[in-house]
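**Student:** The following block contains the structure, expressed as structure tokens.
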Amino acid sequence: MNYAARRTERASLGFLLAPMLVASIVSAVVPAFAAVSNVPAGGNFQTALDAAACGDTIVLQAGASYTTTYGFVLPAPKPPCAGTDADYVTVTTSGSVPLAGTRLDPPAYATQMARLVASNIYPIIGTRTGAHHWKFVGIEFTSDGAFALSNLIEIGSSSVIGTGATLAERQQMKGFIFDRCFVHPSEINATNLSSMSTIRHAERGFIVNATDVWIINSYIAGFTGTYPDGGSMASEAVLMNRGPGPLHVINNYLEAWYASVFIGGSDADPLPEHTATVSNAGTIGTATLSSVLDLVVGDLIAFKSGSVWANGKVTAISGNTINYTPLTRLYQTFNVPPDMPGKAQWRGFVLHDVEMLRNSMVKRPEWVPNWPSGPKNWLEVKAGRNILIEGNVMTSATPTTITLTVRNQDGSSPWIVIENLVFRNNKLTGFKDPGFGIQMEDNEKVTGQSGGLMIENNLLTGGDATSKAFLVSRGGHDITFRHNTILDEWYLMQGVPGPDLRQTTNLVVKDNIVRHGQYGIGCDQQVNTSFCWPGLVFAGNAIVNNKSIGGISAQYPAGNFFPANDVAVGWIDPAGGNYRLAPGSPYRGLASDGTDPGVDMDALEAALGGASPAPSPTPPAPTPTRTPTPLPQPTTTPQQIRKSTR
């Protein structure tokens, strides 16, 4: 699929295009040579996987469980292959599934799904190097609870035991679809979707580091709590920590305590052409490299220095000899010269093209009394280019947040960035300090400054007593908040430049309806906000005086408006969730673009269409045509134990 073209089409045709495109990839034409293989209950699923050719279909028995000790491994399908979406090998159930584009409702299809079950510490599904074009439809993934495992599904490793695939290998591992599937730990099931136990035997649903991965129309739930031994879990529904991408997370129910979707969190891959051997580096500040391809003055560069990475900024290049300024951060020092011979790397890879559309992201209310600490966030982004988050409904009984914080996680990738991120037309209920936590330069390890963020047309309600709309800290550039309605309680916007006084440039805050709270806007340890945000554009906002504090207008630039309280805003029916301005509201048409300030409810409701689980009609079941002879399950003992990813 041409992802760039798809993004352009969405921008021009609107959000209703997404379901059609998802349906088209799911229902690609099957070539004439495709075979249908039926694996009965007790049959050998791995043998069917190994025998599959491009375009084939593998049908598993509805209601049957296929258990694996060491994981089912997806190989490269056998030729002939067309190099198109017709190459997908489909693994499906003999039972009924919802219509394409419809989110799975587990109770309605409890007896219709086939079940893949892990009985050890290894993922249910893994990949071999070269795997591509696999599609799962109407399948349940879980474990039997005998052992705790980190990932139920692991896409992009070179084996089920987690042997790391290189970036080049992961770029060739292309096309993985999980559609109308049910993914969950053993503590819940299709007829009992909640468990009060704080123990879980699976940390996350998916870790995906491959090309063009689709997780769509599925129910991924129950990821919370701790390991049986009390160890903490980074419980997530979906994690992509290295990429490459694209990743499409569309129209799912996602339930996780730590984060429903987590992007980044590992060091980025170096590129071979931007990697060099170091010599003549006995003095910090100068080194000779075996190559300086594409390296320019001002670039950040990482050197291996003993057991850690040290980072510097290039100040001069003469032939293959460079001068650099050593850089340090809270958890990264530069105390000894680079290794000789050692490794240097610059201008590496960054994962890209992630979309999260029309999902429900939920933290269950019954989890709250039994969990020792609060949730981390609904979603977190630590790295990535071209990220679209649109049309999602996010709810939490314990207030939580959105976190966009660039991280050079282990120090080897100072080039890592968050760029071109759009967060639009989302509805969030139950947020805390801050609703949006944004940090565009790492304070722990060395990075440059990220930027290019658009936060627009979102509705945030249910803020707790200390809630804040925006935290914009430590640098960054080109960040816009516009046409949001945010019912914060304590603080509108806070800037934290940090001890090294990083400023955020080209910050625009306009046409929002937000509350002043107790403190309004402020820049930590500075007399005025212009230090944190030089050139701040702040206009067309309706700032509600929810704490009845005198003289708040003096804190803000001219061109903003100050309703005395929520009632004075003139919403039509806030108790019923309608935050349109009534015809009699004095703030109608006063946004800087001539429209009403705050969220455009028509656009929001259009984008949210379908973002809630619902029972689905049942089409006729597929008819299997061929039955292979069942073979015993492989008993090969893996040579290493897969460790948790983070």
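The values are calculated or read from the model by the stated rules, or taken from the named source; none is laboratory data. The model shown is predicted, which means the values in this text are computed figures rather than measured ones. Positions of Cβ are backbone-derived with ideal geometry, glycine not excepted, and every protein chain shown enters the neighbour counts. With ligands, DNA and RNA removed, areas are computed over all heavy atoms of the protein, side chains included. Shrake-Rupley method; radii C 1.70, N 1.55, O 1.52, S 1.80 Å.
**Student:** With just the Cα atoms of the chain, tell me how far they stretch along each of the three principal axes, in Å, largest first.
**Tutor:** 80, 71, 48
**Student:** Answer rounded, prolate or oblate for the stretch 390-523, using the Cα gyration tensor with square roots of eigenvalues a ≥ b ≥ c: rounded when a/c is under 1.5, else prolate when a/b is larger than b/c, else oblate.
**Tutor:** On the way: a/c = 1.70, a/b = 1.54, b/c = 1.11.
It is prolate, given that a/c is not under 1.5 and a/b is the larger ratio.
**Student:** Same structure, new question: Looking at the chain only, what percent of DSSP beta bridges run antiparallel? Nearest 5 please.
**Tutor:** On the way: 31 of 167 bridges.
Of the beta bridges lying entirely in the chain, close to 20 percent run antiparallel.
**Student:** Compute the convex hull volume of the Cα atoms of the stretch 50-103, divide it by the residue count, and report the result per residue in Å³ as a whole number.
**Tutor:** Values: hull volume 6.1 nm³, N = 54.
For the stretch 50-103, the hull spanned by Cα atoms encloses 113 Å³ per residue.
**Student:** Can you return the lysines within cross-link range of Lys547? Criterion is Cα-Cα under 26 Å, with same-chain partners fewer than 8 residues away left out.
**Tutor:** Lys427, Lys432, Lys468, Lys510
**Student:** If you count only protein heavy atoms with a 1.4 Å probe, what accessible area per residue comes out for the chain, rounded to a whole Å²? All intermediate terms of the calculation are to be shown ahead of the outcome.
**Tutor:** On the way: 22850 Å² over 646 residues.
I get 35 Å² per residue for this part.
**Student:** Can you tell me which lysines have their Cα less than 25 Å from the Cα of Lys78? Leave out same-chain residues fewer than eight positions away.
**Tutor:** Filter leaves Lys135, Lys174.
**Student:** What is the projected area of the convex hull of the Cα atoms of the stretch 219-262, averaged over all directions, in nm²?
**Tutor:** Reported value for the Cα convex hull: 3.5 nm².
**Student:** Cα extents of the stretch 384-464 along the three principal axes, largest first, in whole Å?
**Tutor:** Result for the stretch 384-464: principal-axis Cα extents of 39, 23, 14 Å.
**Student:** Taking every Cα atom in the stretch 54-169, find the radius of gyration and the maximum pairwise distance Dmax, and write them in Å.
**Tutor:** Looking at the stretch 54-169, its Cα Rg and Dmax stand at 14.9, 42 Å.
**Student:** Can you give me the long-range amide H partners of Ala53? Hydrogens built in the peptide plane at 1.01 Å from N, cutoff under 5 Å, separation of 5 or more residues or another chain.
**Tutor:** Amide H neighbours of Ala53: Lys78.
**Student:** To continue, here is another question. Let's see if you can work this out: charge +1 on each Lys and Arg Cβ, -1 on each Asp and Glu Cβ, no other charges. What is the dipole magnitude of the chain about its Cα centre, in debye to the nearest 20?
**Tutor:** On the way: 43 positive and 49 negative charges, 89 e Å.
Dipole magnitude for the chain comes out near 420 debye.
**Student:** Another one. Within 15 Å, Cβ to Cβ, of Asp294, how many net charges do the neighbouring residues add up to if Lys/Arg are +1 and Asp/Glu are -1? Show your work: numbers first, answer last.
**Tutor:** Values: positive: Arg347; negative: Glu273, Asp299.
Computed value for this residue: -1.
**Student:** Mind listing the lone cysteines of the chain, meaning no other Cys beta-carbon sits under 4.7 Å from theirs?
**Tutor:** When partners are defined as cysteine Cβ atoms under 4.7 Å apart, the chain leaves Cys181 without one.
**Student:** Give me the mean projected area, in nm² to one decimal, of the convex hull enclosing the Cα positions of the stretch 198-356.
**Tutor:** The number I arrive at for the stretch 198-356 is 11.5 nm².
**Student:** Another question, if that's okay. Per residue, how big is the convex hull around the C-alpha atoms of the stretch 121-275? Give it to me in cubic angstrom, could you? Intermediate results must be reported in sequence, preceding the final value.
**Tutor:** Values: hull volume 16.1 nm³, N = 155.
Roughly 104 Å³ of hull volume per residue.
**Student:** Can you find, among Ile177, Ser37, Phe223, the residue sitting farthest towards the positive end of the charge dipole of the chain, where Lys and Arg contribute +1 and Asp and Glu -1 at Cβ?
**Tutor:** Farthest towards the positive pole: Ser37.
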